[in-house]
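Contents: one structure, followed by commentary.
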Amino acid sequence: MKKNLLVITLVLAGFCSNSQDLKNVKLFTELRQFDKAKAEVDGYLGIEKNASKAEGWYFKAYIYNSLGRAEGKAITESKSLYAFAYDAIKKYTALDPKVPLTTEEKNSTLFNIYYGFYDLGIKTYNSKDFTESYDCFKKTLDVHDYIFDNKLIGPNDLKFAAHDTDIVWNLAILANELKKKDEAAVFYKRIADADLSEERYVTAYDDLVLKYKREKNGELFAKYLAAAKKYYPVDKAYWETQEIDFAIKDLEGEALLNKYEELTKTLPDNYMVFYNYALEIDKFLTGAATAGKDVNAYKLRIEELFKKAISIKSTIEANLQLANIYYSKTYDLQDRIARIKGTKPEEVKVKNELKAKLKTTMNDCVPYAQEAVKLLETLTEYKFGDKANFKLALEILAHASKMNGDAVKAAEYDKKKEGIDKL
């Protein structure tokens, strides 16, 4: 956005009514001989009694601002002149809250200081002097905020919005370029707090989410995460990953499992919640915390979680996990069958029931092992883990085929398994 300088017309009648001590200042200003006017106003304000009078500071602001915009001025000199002009206009306002002179010129001097700093910020950015550009834009933003906070109105009823988006975003970009991460976060926060939702601003929300995640600030993390999910739903999976990480950070044991249970309610369609929850239960069951406890409910929950995960997104890992759960059960059932040696009717009955259960359990493996094989066959490159998974899935299918009396199919699976290492 181009920001144009405002034309300031001096109202000489107003000047003439003021102190004659500023006669030469006013004369050289009227003649636009600003270098001479500068020397005069500096001399005037160098006298202690004059420094407490408001009018001289207004003239200093006007003169210095005019010099800053003079053609051929070096950027650093213009920046210094604008800075002195800005300080002078604030001093004038402090000494004379009624501000008749700035009111008469419709705050043109102050608005032009803003545009002057902005112009320098653009010039230095284009010349890749990012340090100088950053400083110029910071000063631009400071002037903007002063104008807005004091509800000042410029010529033609010019008003500034609360949020100077262009300047703030430029500062955020430059702060990142200059590795000023903490300062970048300040500008990102202004972007997010203004509820801006253009695609380019996603970086602001991401930075804030990660910042407050690192700082473990639950309130601000939740605030900016909610905004990010609202404005950038296409990145839903990423935002939810951050949410999960924040929720389970530093938790373990039953506290971790309880948190995952909560997440199944708040993120009911997130694959990783259900998949990782199942893995954490399995890990929990191998620890000492479950000694002497009934863990059947946990084991059933693992199956439910893998099934839910698969319903959200069918993956090799989830299908093979579930297939392997059932497959492991078949070994336990076979062991129980083998231990029944008697021929009493009740023993035979139990043995037959276990055999039926064995066959059912083995068949429970099949659809998940088949899906794992189907997904594995789509890979174009096989790592060691992929080959191991492929072999396990084929082994499960071969055993199921044998148990169902399909020797031909079992042989096909065994042969295919032998060729996996060549992939």
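Considered as a group, the residues in the stretch 245-258 that are more than 22 Å from the chain's Cα centre (by Cα) and surrounded by 17 or more Cβ atoms within 10 Å (Cβ to Cβ) include one that is farthest from LYS213 (Cα to Cα), and that residue is LEU257. Assess whether LYS230 counts as being basic (Lys, Arg), assigned to a helix (DSSP H, G or I), free of Cβ contacts under 8 Å to residues at least 40 places away in the same chain and open to solvent by 70 Å² or more (accessible area, probe 1.4 Å). In short, yes. Scanning the stretch 396-413 for residues that are touching a residue at least 24 places away in the same chain (Cβ under 8 Å) and not in a loop (DSSP other than H, G, I, E, B), we see that the one that is nearest to TYR327 (Cα to Cα) is ILE396. Within 30 Å of TRP239 (Cα to Cα), modelled with pLDDT under 95 and in a helix (DSSP H, G or I): does that describe PHE284? Yes: the conditions hold for PHE284.
For the stretch 70-82, the set of residues classified as buried (at least 19 other Cβ atoms within 10 Å of the Cβ) and either farther than 23 Å from GLU30 by Cα or of a type outside the set (Ser, Thr, Tyr) (or both) consists of LYS79, LEU81, listed by residue number. Per the listing TYR146, TYR114, TYR125, TYR86, the residue uniquely touching a His at 6+ places or on another chain (Cβ under 9 Å), part of a helix (DSSP H, G or I) and of a type in the set (Phe, Trp, Tyr) is TYR114. Of the candidates LYS128, LYS49, the single residue that is open to solvent by 40 Å² or more (accessible area, probe 1.4 Å), modelled with pLDDT under 95, out of contact with any helix residue (DSSP H, G or I) (no Cβ under 6 Å at 6 or more places or on another chain) and farther than 20 Å from HIS144 by Cα is LYS49. What number of residues in the stretch 299-327 are open to solvent by less than 60 Å² (accessible area, probe 1.4 Å) and out of contact with any Cys (no Cβ under 9 Å at 6 or more places or on another chain)? Going through the stretch 299-327 one residue at a time, the tally reaches 14.
Of all the residues in the stretch 372-387, those that are open to solvent by 50 Å² or more (accessible area, probe 1.4 Å) and part of a helix (DSSP H, G or I) number 2.
The values are calculated or read from the model by the stated rules, or taken from the named source; none is laboratory data. From a predicted model like this one, the values you see are computed outputs, not experimental measurements. Methodologically, a virtual Cβ is constructed for each residue, glycine included, from the backbone with ideal geometry; neighbour enumeration extends over all protein chains shown. Ligands, DNA and RNA are stripped out before the accessible areas are found, and what is left, the full protein with its side chains, is counted by its heavy atoms. Shrake-Rupley method; radii C 1.70, N 1.55, O 1.52, S 1.80 Å.
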